[in-house]
1. For the range 46-75, how many residues meet the condition of being in contact with a helix residue (DSSP H, G or I) (Cβ under 6 Å, 6 or more places away or on another chain) and modelled with pLDDT under 95?
2. Any residue at all in the range 177-187 that's in a loop (DSSP other than H, G, I, E, B), without any contact (Cβ under 8 Å) to a residue 60 or more places away in the chain and in the same structural domain as residue 23 (by TED's automatic domain parsing)?
3. When you scan the range 22-59, how many residues do you find that are assigned to a helix (DSSP H, G or I) and either in contact (Cβ under 8 Å) with a residue 40 or more places away in the chain or in contact with a strand residue (DSSP E or B) (Cβ under 8 Å, 6 or more places away or on another chain) (or both)?
4. Could you list, in sequence order, all residues of the range 2-44 that are exposed (fewer than 15 other Cβ atoms within 10 Å of the Cβ) and in contact with a helix residue (DSSP H, G or I) (Cβ under 9 Å, 6 or more places away or on another chain)?
5. Counting only residues that are at positive phi and without any contact (Cβ under 8 Å) to a residue 60 or more places away in the chain, which one in the range 241-263 is farthest from the ligand (Cβ to nearest atom)?
6. Is it the case that the range 387-404 has a residue that's touching a residue at least 24 places away in the same chain (Cβ under 8 Å), within 16 Å of the ligand (Cβ to nearest atom) and assigned to a loop (DSSP other than H, G, I, E, B)?
7. Residue check: is residue 298 closer than 15 Å to residue 219 by Cβ and without any contact (Cβ under 8 Å) to a residue 12 or more places away in the chain?
8. Exactly one of these conditions fails for residue 223: (1) surrounded by fewer than 20 Cβ atoms within 10 Å (Cβ to Cβ); (2) free of Cβ contacts under 8 Å to residues at least 40 places away in the same chain. Give me its number.
Ligand code: UDX
């Protein structure tokens, strides 16, 4: 199939490269000429395992190209995916002006039938608005369909997630749209949920909200474990083995971040508000997430007594491992708070330092590895569970530190082992 993807961000680029790899001809469009120029030269604007090779291969084999010209893409391709950004407004709702502009451009560029598919996470009813906008500007009355096909990929494992989805959701209004999308996804051999457009839109927001709820739930339980001396890892295993609950997304930590959960929660709360429902449950999920970060600062304070002039080494800056993405990373707020309290911060991240440098206070010292971070630190905070932090030589780490205090913000270390080496070990809800 000939596919055009508008928006070469995370979702657009990964989907484009994967669709091309499945044998389709894909044009990825973005209105940022610098991004398109560098993509054409083979440079990928984000760090995502396997993506650079996938783009390179498919570009070389002629199935993947890049352009800034929406008209060209819409003219050449029958299926047009909208994967542009939907940033948060100040009141939490999604800003859909990029989606609207793209819909207008598609409307005036369609030479014949086109299937326009929303891939970005959008509020319910966006499909209707896209359809309405296209109708208004489609002066030649060309036939078209709108569909919703939300993407569930996770950063860091995006290609694997795209190629092996738990399910593919198709929100459609016509058989023609359903048949085209079902054919496109056939090679993935995944269960396909065919539904109406509004339900598909809600599936995406509801999924992310539910996953965020699971994380805040386990974080809340971890606080109770801390207070009574129980172990959250044991508790999570004990509840997670119940198949009705499931063991995924039950890792207590410093809170969730990223480009999706925080934004989607706010957007969903706002959607509910607009239709007269107070989604108090999701507000609590947000509150627990904020509390989790503040709690970590308190934990460090209780271990170090006074924060001014103490040196805190922070391992990891990205919101999760295997990505250089720092959007809404909880550790950034934690660093800000510790810095405000007068602590010196040293840090290292395998991929995210370039981006973090632009947003963190200028006094933060960026190091070349975990050992340099440990040197002369009063406390080491593990904030992102990169594999390389799991394999550290902790005897060396301890010998480099001023005080051997380890705060494990992701519960990746064995408390008994760390205590044996001589650390004062504090995890999240761990004994
Ligand atoms: C998420 C959804 O998982 C994905 O389906 C959707 O398409 C986009 O949003 P992503 O934000 O890339 O994906 O990462 P994810 O792995 O879901 O992690 C999100 C945040 O939750 C991270 O900060 C992570 O550290 C945190 N998390 C996750 C926990 O704190 N505990 C867990 O058990 C799982």
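The values are calculated or read from the model by the stated rules, or taken from the named source; none is laboratory data. Here the structure is a predicted model, which means the values were calculated and not measured. All Cβ positions, glycine included, derive from the backbone under ideal geometry; neighbour counts span all protein chains shown.
1. 1
2. Keep residues of the range 177-187 that are in a loop (DSSP other than H, G, I, E, B), which gives none.
No, because not a single residue in the range 177-187 is in a loop (DSSP other than H, G, I, E, B), without any contact (Cβ under 8 Å) to a residue 60 or more places away in the chain and in the same structural domain as residue 23 (by TED's automatic domain parsing).
3. Summing the residues that are assigned to a helix (DSSP H, G or I) and either in contact (Cβ under 8 Å) with a residue 40 or more places away in the chain or in contact with a strand residue (DSSP E or B) (Cβ under 8 Å, 6 or more places away or on another chain) (or both) in the range 22-59 gives 8.
4. Step one: filter the range 2-44 for residues exposed (fewer than 15 other Cβ atoms within 10 Å of the Cβ), giving 2, 23, 32-34, 37-38, 40-43.
2, 23, 40, 42, 43, listed by residue number.
5. Result: 246.
6. The initial filter retains those residues of the range 387-404 that are touching a residue at least 24 places away in the same chain (Cβ under 8 Å), namely 387-389, 394-398, 400-403.
In the following step, the residues that additionally are within 16 Å of the ligand (Cβ to nearest atom) were identified as 387, 389.
Pick out the ones that are also assigned to a loop (DSSP other than H, G, I, E, B) and you get none.
No: zero hits.
7. On the way: closer than 15 Å to residue 219 by Cβ: yes; without any contact (Cβ under 8 Å) to a residue 12 or more places away in the chain: yes.
So residue 298 fits the description; yes.
8. With (1) surrounded by fewer than 20 Cβ atoms within 10 Å (Cβ to Cβ); (2) free of Cβ contacts under 8 Å to residues at least 40 places away in the same chain applied to residue 223, the lone miss is (2).
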